[in-house]
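To start, the structure itself, in structure tokens.
Quick note: the coordinates plus some simple rules give every number you see, no bench work behind them. Just so it is clear, the model here is predicted, and its values are computed rather than measured. Cβ atoms come from the backbone with ideal geometry, glycine included; neighbour counts cover every protein chain shown.
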Amino acid sequence: MDEVITLETDVLVAGGGAAGMFAAIAAARGGAKVIVLDKNVVGRGGASIMAQMTCAAALGEAEPDDPQLHLADTLAAGRGLCNENLSALLCEGSPKRIRELESWKVNWARQEDGRINQVKAPGHSRKRCVYVDFLSTGAAICAALRNKVSRSPDIRRLSNVSLTDVVTRDGEVIGAVGFDVATAQPVAIKAPAVVLCLGGMTKMFRRTTSPNNLAGEGLGIALRAGARLIDIEFLQFYPNGHLAPRMVGLDPTTWEPTRVKLGGRLLNGRGEEFLHNYGEAEREDYSTARDTLTYAIYKEVELGRGSPHGGVYLSFQHLDERALRAALGPAMDIFRRNNIDLTRQPVEVFPIAHYQMGGIEVNANMESCVAGLYAAGELVGGANGANRLSGNALPEAVVFGERAGESAARFARGKARPAWDDAAAAVPLELVREARARNADKGASPARLMGELKDLMWRNVGPFRSDGALSEALGRIRTMRERELPQASVSAERIHNGSLVEWFELRSGLYAAEALAMAALNRRESRGAHQRDDFPEMRSEYEMNQRIWLSDGKLVSSFEGFAA
Amino acid sequence: VSADSTMPLKSARLKVWRGTSKEHGHYDEFDVEFEDGDSVLDGLVRIRVTKDPDLAIRFSCFNANVCKECLMLIDGKVEYACIAKLHTGLIQLDPLPDRLILRDLVTDTLARKERF
């Protein structure tokens, strides 16, 4: 039963979201045999499918635009920390990928004259963001990519497979190890190139827009393989995450585009508009960058002017049913199903963990410092610096995914396949065998540990940080990683053993959480999405990137500028 | 676990099918607290954290109804657990009919080509 399932391929892609699927398509196009796997379902797991609306591309269809203008906006939002090579790749590559997706039947919304419609999202200087519809742009992209992937004879999809370790020999990738979620059988995949597209670590926060499968595993896996993380302290908190009443069937980020589109009013618990107190004009034109908005809402609650559930109100009560229906269409039915009547009541919103700007450090070929190890999508750091513009996540997925797949295929083709090393794979394979049923029936479950971590991260490593809270979190996370996870109780079940999945999520995710707390503690300033109560100003001496890597089992950090 | 921090006010009783084959199953009953609007999936996630981490369920997106993984029989009707609401009283949960049961509420819903 514990026999190892062994496979072999040229390029292994881990993660079946938009970045992973695009990487698989590009690698196959480059002549490689590809396996793309996902812990959940290829094409349905991950965050891409949840993206509701905007995707930035300087197509110039709605008004004159240029990728260089998109780049200037991206760099401005990044507050001096962007890796300009990666930002330029994102902005210059996006139009091409958007056109390519169109040729794969993604129906971008159009104006009456037939040109692709583009809207102006916060922080952008032009009408630049394309969309399919108000609710399901990510889903439409994923459907097209899923279709494309399933038709390629060179791509093998594996759903319900969790990757646990990249295997290296003499510092070079020789493949990866994981397990089959459906049977708990160990899996070894021999491959000279591995592309990690496992998304961010936002699941580690109590309030999150993340799907359940984004536990920061890609960061932990990359660290253990010898790669470096960059700017991991920058994690975006979406200002208007849905808080109450409970709403299911719509992503919690649904309100920001709605607010932009319909002029929704943000009100504190007393029913007063408050953004003007934070340097924004009343009736602002929605150019408020996301971190400013987060700050304003957080502070309003802190000052005792919050709504009943501890957020602020977002009101559309100035609109009637007909106007709402005309603008929101099918979303109105979903609100109704959730007993939410926007003409009569405001909803409550509060910041929510949304996107990880930092990630694995890669060059413009998406190659990490480990030969054969690539990354793409949210898992990559550098393109967005200290804050990400609305609409830059989907381009990051498709542009970087394409580049990573192409690079990995070229790399795999250009070298003799390295010899597989049973000894190198033995340790991670043994861990997969040994983790199931460990401490069965005694100790806390990984699900409980995960719950504790989510509360800790939300409380201590959230939108507003300080030395004391971060130091406490760092100590606590280390204890969880070194002492409590090894003592956690994993079910003996073989079939769809959720506690085994969660144990491995924590094994890697605790490295990610620790890296984030450590990096946030080290950055003694406020910049972009990283806000310190004890260092409220941006400080020029910190206009540097912070890298984190593993050295003798311990995370270490260093600040330095980018070499040109 | 619900995203907001207010205390759940009501209690639902979930009667959950357990087992690995149609012939050898049984039901376990769990009381779960909820506030109005919470989903059946919220309840199942809460059971895994607080009562029985062995319970097999599957889902990815949790809130958005896009991953389509949490389909099951809820009081005899095929529904998404993320959309169905909890209510006071008994709610019976079974695996999808006409699908191979893997374990508990998880059935074999993947395309053959996506598996080994």
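Of note:
- Whole-number percent relative contact order across chain A, with pairs defined as alpha carbons under 8 Å at least 6 apart: 22
- Placing pseudo-labels 7 Å out from each Cα toward the beta carbon at A:Glu8 and A:Lys554 gives an inter-label distance of 4.2 nm.
- For residues of A:205-214, the mean tally of beta carbons on other chains within 10 Å: 4
- Degrees, to the nearest 10: A:67-77 long Cα axis against longest axis of chain A: 90
- Summing Cβ point charges (Lys, Arg +1; Asp, Glu -1) relative to the Cα centre of the protein assembly as shown gives a dipole of roughly 1060 debye.
- Per residue convex hull volume, Cα atoms of segment A:429-564, in Å³: 136
- A DSSP coil position with no more than 15 other Cβ atoms inside 10 Å describes the following trypsin sites (Lys or Arg not before Pro) in segment A:111-175: A:Arg115.
- Computed extension length for A:Arg325-A:Arg539: 72.3 nm, one decimal, from 0.36 nm per residue of separation with the Cα-Cα distance subtracted.
- Sparse-neighbour loop sites [GluC sites (Glu not before Pro); segment A:482-564; at most 12 other C-beta within 10 Å; DSSP]: A:Glu537
- Straight-line cross-link reach from A:Lys148 at under 14 Å between alpha-carbon atoms covers these aspartates and glutamates, not counting any fewer than eight positions away in the same chain: A:Glu100, A:Glu102, A:Glu402.
- Exercise: per-residue mean of other protein chain Cβ atoms within 10 Å, A:241-253: 6
- Neighbouring partner chain Cβ atoms per residue of A:494-501, average, 10 Å criterion: 5
- Rounded tilt (10° steps) of A:137-151 against the dominant C-alpha axis of chain A: 30
- Trypsin sites (Lys or Arg not before Pro) restricted to DSSP loop in segment A:402-494 with at most 16 other C-beta within 10 Å: A:Lys415, A:Lys442
- Helical runs (DSSP H, four residues minimum) scored at -39500 (n - 2.57) apiece and divided by the length of the protein assembly as shown put the mean residue ellipticity at 222 nm at -9500 deg cm²/dmol.
- With Cα atoms, 0 to 90° folded angle of helix B:40-50 axis to chain B main axis: 80
- Whichever lysines have a C-alpha closer than 29 Å to that of B:Lys15, once near sequence neighbours (fewer than 8 apart) are set aside: A:Lys39, A:Lys203, A:Lys442, A:Lys454, B:Lys51, B:Lys68, B:Lys77, B:Lys85
- Taking a ≥ b ≥ c as the square roots of the eigenvalues of the Cα gyration tensor, segment A:215-286 is prolate, since a/c reaches 1.5 or more and a/b is larger than b/c.
- Over the protein assembly as shown, the ratio between the Cα radius of gyration and 2.2 N^0.38 Å evaluates to 0.90.
- Taking 16 Å as the straight-line reach from the Cα of B:Lys10, the aspartates and glutamates in range (excluding those fewer than 8 positions away in the same chain) are B:Asp31, B:Glu33, B:Glu35, B:Asp36, B:Asp38, B:Asp42.
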